[in-house]
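Structure, as structure tokens:
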Amino acid sequence: QVQLVESGGGLVEPGGSLRLSCAASGRMFSSYAVGWFRQAAGKEREFVASAQWRNVDTDYSNSVKGRFTISRDNARNAVVLQMNSLIPEDTAIYYCAADASPLQLRRMRPQFWGQGTQVTVSS
């Protein structure tokens, strides 16, 4: 059993930055592929970023490449999403997720989801 809790969302102006954190309990993140997804109002949930074991392999959606960075904070058993150069299109609820299978994670079928944190980018 793994429980995931996101934090760090909020309101920011375009061009600003936010740092999201997803803390896990029950099992160390090193045992799982981890990722971030987002869902804007009225839209489908979409992939944002993922990392396999100990950041051996990372992946990003084209819309966030060069602006977002996914990383692990192993000391706190957490996964972090650093978001820079934010634009209004980034506005969404951001969810972290974990699964032993990178394929299942990428298909948005992870065993574990967090409850989400709201990110709003507006001037």
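The values are calculated or read from the model by the stated rules, or taken from the named source; none is laboratory data. For clarity, every value in this text was computed on a predicted model and none was experimentally measured. Here the Cβ positions follow ideal geometry from the backbone for every residue, glycine too, while neighbour counts run over all protein chains shown. The protein model used for the area step is the full one, side chains on, heavy atoms only, and it has no ligands, DNA or RNA in it. Shrake-Rupley method; radii C 1.70, N 1.55, O 1.52, S 1.80 Å.
Points to keep in mind about this one:
- Approximating the spin labels as points 7 Å out from Cα along Cα→Cβ, the Ser71-to-Thr58 distance works out to 0.8 nm.
- Helix-only [θ]222 nm of the chain, DSSP H runs n ≥ 4, -39500 (n - 2.57) each, per residue, nearest 500: -1000 deg cm²/dmol
- What a 1.4 Å probe finds exposed on the chain is 45% carbon and sulfur by accessible area, rounded to a whole percent.
- Qualifying trypsin sites (Lys or Arg not before Pro) in the stretch 59-123, DSSP loop, other Cβ atoms within 10 Å at most 16: Lys65, Arg67, Arg107
- Rounded to the nearest 20, the size of the Cβ-charge dipole of the chain about its Cα centre is 280 debye, with Lys and Arg at +1 and Asp and Glu at -1.
- Once the 1.4 Å probe is applied to the protein heavy atoms, the stretch 12-84 comes out at 52 Å² accessible per residue.
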